[in-house]
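Asks: Below is the structure I would like to discuss, written out as structure tokens.
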Amino acid sequence: MYIDQMGREELEHWHQIFCEKHKAFRASSLNLDLTRGKPSTRQLDLSNILDGATKGSYITSEGIDSRNYGHLAGLPEMRSLGAELLGVAKNEVIVGGSSSLSMMYLAMLFAWQFGVSGKGSSWRDQGKVKFLCPVPGYDRHFSICEEFGIEMIRVSMDEDGPNMDQVEAFIANDKSIKGIWCVPKYSNPTGCIYSQNTIERLAKLGKISSPDFRIFYDNAYAVHDLSEDGIDLPKIMDYCREHNTQNNVLQFTSTSKITFAGSGVSFLAASEENLNVIQQHLGVFCIGPDKVNQLRHLNFIQDRSGLKLHMKKHAKLLQPKFSSVLEHLKNNFEGSDLAQWTTPKGGYFISFDTRPGLADSVIELAAEAGVKLTPAGATFPYGLDPDNKNIRLAPSFPSLDDIDRAMRVFCNSVKLASIKQKIGV
Ligand SMILES: Cc1ncc(COP(=O)(O)O)c(C=O)c1O
């Protein structure tokens with residue numbers, strides 16, 4: 001459907017058809033939700049074996065009593081697994097509690113309050129502090145910046161990661177830029193995978209940035225491939241070592257979407273120098289992490305190949321849901337002038353763009369018809385999408401039937417909003 005090529009009469013004809021469909025959806029009292037990227041119950045069930053995975057034995061193979069205080073950096077075996085996941089050495093990993101987002105928050109808090117390199121380096125004492133935010137991006141990253149009063153600068157997201165020309169130009173010209181948010185694999189929400197060139201250019205940013213610049217490299221979807229041909233990302237820390245910028249990157253991940261969301265294990269990887277600074281503050285914040293949870297995860301996941309096998313089971317449940325959404329989008333919008341969308345090979349989201357100025361109307365129409373979508377603007381700093389066109393679709397939680405019904409409503413809402421805008425009603 002090309003609405004730019006339609007005359008008034010044809011537009012009005014389609015307007016009536018989409019309005020009638022909308023009315024019928026409204027009358028059917030749906031109550032569907034395509035908002036947050038949560039694992040489904042069946043995905044969570046894949047890890048139920050965690051319950052009791054310690055089998056009453058709390059002493060690790062290295063003789064650590066996981067029930068007791070201490071071991072601020074986490075169980076050594078778990079540090080090894082984190083090192084493999086994030087492509088660093090074992091002594092460059094801290095294993096924490098159940099949320100990587102809270103580790104990011106803490107890293108920001110420590111930098112803000114105490115600085116990243118000792119006395120006199122706190123970000124809060126440096127006047128204006130800014131962060132680069134590739135858009136569309138993850139709303140909760142932006143909320144952290146907003147909470148600290150850190151000014152967020154949008155940079156565009158290309159197919160192979162943030163637009164590095166923009167990133168380098170900003171950083172070279174403005175030393176108040178202290179960081180950038182990155183989700184390098186199956187980025188939230190576009191699903192893009194950073195290219196080797198992007199990762200190497202990110203690793204070189206420390207050469208042109210302020211010395212206390214930090215890349216918040218959130219590898220939340222490191223092993224969340226939908227198909228067999230998932231790739232391992234080039235290791236950013238290897239490039240950092242080449243360019244002597246190891247201190248400029250902080251990496252994060254967790255098992256939230258591997259085992260239980262909110263009851264998993266989180267990881268922070270950084271240079272030893274950075275970890276020493278972070279651990280000084282972490283040691284005041286807590287006496288040690290939940291090592292019993294770490295141990296049961298270790299017993300369950302075992303190693304990298306155990307993890308791969310487990311993630312295949314997730315993919316088997318997720319893949320049909322992504323396919324269903326993409327099939328609806330293809331059938332309704334391929335070859336049209338109504339929409340563009342991404343086709344991720346993993347992760348939790350599909351990013352959808354309406355014609356400019358329509359995201360909020362589409363979301364409102366879908367809500368009227370009983371389908372809840374992520375609020376317009378959520379994928380942008382301050383909740384402001386300047387083109388009002390991006391919508392994040394999250395197919396993981398609803399059942400296949402519900403996705404099918406929700407997508408019928410969604411596609412009709414996009415068509416109706418587009419025609420309404422075109423004819424000005
Ligand atoms: C990019 C990204 N990072 C972090 C998280 C949250 O991670 P955690 O549960 O470990 O706090 C999410 C959850 O949706 C996410 O999409």
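Read-outs: derived from the displayed coordinates by stated rules, not from any lab. Please read all numbers here as calculations on a predicted model, not as lab measurements. Neighbour counts are summed over all protein chains in view; Cβ atoms, including those assigned to glycine, are modelled from backbone coordinates with ideal geometry.
Asks: For region 214-243 and region 9-47, what is the separation of their C-alpha centers, rounded to whole Å?
Replies: For region 214-243 versus region 9-47, the Cα centre distance is 34 Å.
Asks: Something else now. Could you calculate the FRET efficiency of residue 65 with residue 364 from 1/(1 + (r/R0)^6), where r is the beta carbon distance between them and R0 is 60 Å, rounded to 0.05?
Replies: Once the sixth-power term is evaluated, E becomes 0.60.
Asks: Moving on. Grab the DSSP H runs of the chain that are 4 residues or longer, score each as -39,500 (n - 2.57), total them, divide by all residues and round the 222 nm result to the nearest 500 deg cm²/dmol.
Replies: -13000 deg cm²/dmol
Asks: HN-Hα J couplings of region 51-62 from phi, Karplus 6.51/-1.76/1.60, θ = phi - 60°, integer Hz, Gly and Pro as x?
Replies: For region 51-62, the Karplus-derived couplings read 5, x, 5, 7, 6, x, 10, 9, 8, 7, 5, 9 Hz, x marking Gly and Pro.
Asks: Then there's this: Which one, 142, 302, 237, is farthest towards the positive end of the dipole of region 71-303 when Lys and Arg carry +1 and Asp and Glu -1 on their Cβ?
Replies: Going by the Cα projections, it comes out as 142.
Asks: If each Cα of region 179-319 is one equal point scatterer, what is log10 of I(q)/I(0) from the Debye formula at q = 0.13, 0.17, 0.21 Å⁻¹?
Replies: The Cα Debye sum returns log10 ratios of -0.67, -1.08, -1.35.
Asks: Something else: For the chain, find the longest principal axis of its Cα atoms and tell me its angle to the long axis of helix 291-301, 0 to 90°, nearest 10.
Replies: 60 degrees
Asks: For the charge dipole of region 71-303, defined by +1 on Lys and Arg C-beta atoms and -1 on Asp and Glu C-beta atoms about the Cα centroid, which residue among 112, 73, 216 has the Cα displaced farthest towards the positive pole?
Replies: 112
Asks: While we're looking at this one, here's another question. Using the per-residue mean of other Cβ atoms lying within 10 Å as a proxy for protection, in what order, highest first, do the peptides 225-234, 123-132 fall?
Replies: 123-132, 225-234
Asks: Can you give me the C-alpha center-to-center distance between region 58-95 and region 186-212, rounded to a whole angstrom?
Replies: 27 Å
Asks: While we're looking at this one, here's another question. By a straight-distance test (C-alpha under 27 Å), which lysines pair with residue 422 as possible cross-link partners, with residues fewer than eight away in the same chain excluded?
Replies: Hits, sequence-local ones excluded: 21, 23, 330, 372, 389.
Asks: Let me know the Kirkwood hydrodynamic radius for the chain, please, with Cα pairs as the basis and the value in Å to one decimal.
Replies: 22.8 Å
Asks: If you don't mind, there's one more thing I want to ask. Might you report the magnitude of the Cβ-based charge dipole of region 351-425 about its Cα centre, with Lys and Arg at +1 and Asp and Glu at -1, to the nearest 20 debye?
Replies: 220 debye
Asks: What are the ³J(HN,Hα) couplings of region 152-164, residue after residue, when phi is run through the Karplus curve with 6.51, -1.76, 1.60 and θ = phi - 60°? Round to Hz, x for glycine and proline.
Replies: Residue by residue, region 152-164 yields 9, 10, 6, 10, 7, 9, 9, 5, 10, x, x, 5, 6 Hz.
Asks: May I pose another question? With +1 assigned to the C-beta of every Lys and Arg and -1 to the C-beta of every Asp and Glu, and no other charges, what is the dipole magnitude of region 1-158 about the Cα centre in debye, to the nearest 20?
Replies: In total the dipole reaches around 380 debye.
Asks: Expressed as an acute angle from 0 to 90° and rounded to the nearest 10, what is the orientation of the C-alpha long axis of helix 8-27 relative to the principal long axis of the chain?
Replies: That works out to roughly 60 degrees.
Asks: I need the calculated FRET efficiency for the pair residue 421 and residue 232, taking r as the beta carbon distance and R₀ as 41 Å, to the nearest 0.05.
Replies: My answer for the efficiency is 0.40.
Asks: Right, here's the next one. First select every other residue whose beta carbon is under 10 angstrom from the beta carbon of residue 37; then total the charges, Lys and Arg +1, Asp and Glu -1.
Replies: Every neighbour counted, the sum reads +4.
Asks: When ranked by the protection proxy of mean other Cβ atoms within 10 Å per residue, highest first, what sequence do the peptides 328-336, 8-16, 193-201 form?
Replies: Ranking, from highest mean packing down: 193-201, 328-336, 8-16.
Asks: Where the only charges are on Cβ atoms (+1 Lys, Arg; -1 Asp, Glu), what is the dipole of region 71-303 about its Cα centre, to the nearest 20 debye?
Replies: Roughly 740 debye, rounded to the nearest 20.
Asks: Going Cα to Cα from residue 90, which lysines come in below 27 Å? Please leave out same-chain ones fewer than 8 positions away.
Replies: Straight-line reach from residue 90, under 27 Å: 55, 178, 185, 204, 207, 235, 257, 291, 308, 312.
Asks: If I model region 71-303 as equal point scatterers sitting on the Cα atoms and use the Debye formula, what is log10 I(q)/I(0) at q = 0.08, 0.10 Å⁻¹?
Replies: Here log10 of I(q) over I(0) equals -0.26, -0.42.
Asks: Still on this structure: If you take the Cα atoms of region 336-425, find Rg, then find the Kirkwood Rh from the mean of 1/r over all pairs, what is Rg/Rh?
Replies: With Rg and the Kirkwood Rh in hand, the quotient comes to 0.95.
Asks: Next up: Peptides 246-257, 104-115, 165-176: what's the order by average Cβ count within 10 Å, highest mean first?
Replies: Order by mean packing, descending: 246-257, 104-115, 165-176.
Asks: Could you tell me how many degrees, from 0 to 90 and to the nearest 10, lie between the Cα long axis of helix 139-148 and the main elongation axis, the longest principal axis, of the Cα atoms of the chain?
Replies: The angle comes out near 60 degrees.
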